[in-house]
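Asks: Can you keep this structure in mind? I'll have questions shortly.
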Amino acid sequence: MTAPATPAPFGARLRRAMDARGPLCVGIDPHASLLDAWGLADDIAGLTSFTRTVVDALADRVAVFKPQSAFFERFGSRGLAVLEDATADLRAAGALVVMDAKRGDIGSTMAAYADTYLRPGAPLFSDALTVSPYLGYGSLAPAVELARASGCGLFVLALTSNPEGAEVQRATAADGRTLGAAMLAHLAAENAAERAAGSPLGSFGAVVGATLGDLSSFDLATGGPLLAPGIGAQGATPADLPAVFGPAVRDVVPSVSRGVLRHGPDAAALRAAAERYADEVRAAVGG
Ligand SMILES: O=c1ccn([C@@H]2O[C@H](COP(=O)(O)O)[C@@H](O)[C@H]2O)c(=O)[nH]1
């Protein structure tokens with residue numbers, strides 16, 4: 001019996017997708033207020049229709065999607081079934097799925113979270129997962145290990161887009177670094193071997209908000225991608241990206257949820273909104 005082919009690492013697949021479709025990530029966040037604005041009920045039928053509309057309109061043209069798990073979980077098992085179908089359909093259309101579930105726990109529980117999202121064949125199998133390192137970076141080890149084996153990636157919360165994040169992420173650790181800087185350093189170490197082997201991008205990314213202003217005091221050159229939420233509803237714009245990220249801007253995956261979704265339910269309007277953001281990103285960062 002032949003062994004299953006080793007999948008290409010997430011970082012390499014992400015760079016390819018960014019080159020082919022542009023770096024924009026569209027978040028799928030079915031807020032109750034958006035369901036209402038789309039003329040849908042805040043129930044499982046509304047959630048299904050909303051999600052199907054976004055997938056059908058954008059799956060073949062956007063590089064990365066970031067479903068926000070919370071908005072599906074609030075409908076229980078039937079909401080998760082909608083998320084499973086959307087994840088599979090997006091991937092089948094050639095897009096990458098970053099599951100925004102922000103998981104983080106002690107290592108033995110983290111292993112179960114890793115199985116949920118990063119084990120091939122799992123119902124919610126995704127290309128990458130957002131994780132929280134604030135139980136200690138080492139607690140993420142089972143997810144790092146399974147991501148490597150499965151050709152998946154992680155996005156570790158380093159410097160989040162919300163103003164409250166600074167209380168934790170800019171606090172100083174015993175070695176004098178901020179916690180955010182320490183997380184970036186862990187990721188650089190994680191990506192080093194992959195980059196040394198010639199991969200154009202490591203598989204272990206950081207979440208760094210586009211809302212944060214000048215970040216030149218942080219070493220953002222981790223060798224991996226930088227997922228940048230905060231564009232649109234939270235006030236950042238694609239034009240801010242070069243000033244926020246400096247030379248690391250070429251590794252940024254700018255993420256927009258409500259800024260695109262508020263243009264639905266018309267598919268052409270959703271496509272036009274995503275296209276406008278993609279054009280603005282291109283104008284700001286080149287490519
Ligand atoms: O630092 C972070 C990390 C994650 N998020 C998530 O991204 C989207 C943002 O939605 P918008 O509608 O574009 O504001 C949402 O799912 C957040 O949970 C973030 O905003 N900041």
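Where a number appears in this text, it was derived from the coordinates with a stated rule and is not lab data. The model shown is predicted, which means the values in this text are computed figures rather than measured ones. For neighbour counting, all protein chains shown are included, and Cβ atoms are generated from backbone atoms with ideal geometry for every residue, glycine included.
Asks: What are the semi-axes of the equivalent ellipsoid of the range 94-237, taken as the square roots of 5 times the eigenvalues of the Cα gyration tensor, listed largest first and rounded to whole Å?
Replies: Working: eigenvalues 108, 58, 52 Å².
Three semi-axes, in Å: 23, 17, 16.
Asks: Just to be sure I understand: if I project the alpha-carbon convex hull of the range 173-256 onto a plane and average over all orientations, what area do I get in nm²? Let's see the in-between values first.
Replies: Numbers: hull surface 22.4 nm².
One quarter of the hull surface, i.e. the mean projection, equals 5.6 nm².
Asks: Using Cα springs under 10 Å in a Gaussian network model of the chain, which residue among 185, 92, 158 shows the largest mean-square fluctuation?
Replies: Highest fluctuation among the options: 92.
Asks: Next up: Taking other Cβ within 10 Å of each residue's Cβ, how do 218, 65 sort, fewest first? The partial results should precede the final answer.
Replies: Numbers: 218 24, 65 27.
So the ranking, lowest neighbour count to highest, is 218, 65.
Asks: Taking Rh as the Kirkwood radius, which is the inverse of the mean 1/r over Cα pairs, what is the Rg/Rh value for the chain?
Replies: Checking Rg against Rh, the ratio lands at 0.95.
Asks: Using R₀ = 45 Å, calculate the FRET efficiency as 1/(1 + (r/R₀)^6) where r is the Cβ-Cβ separation of residue 192 and residue 41; round to 0.05.
Replies: So, using R0 = 45 Å, E works out to roughly 0.35.
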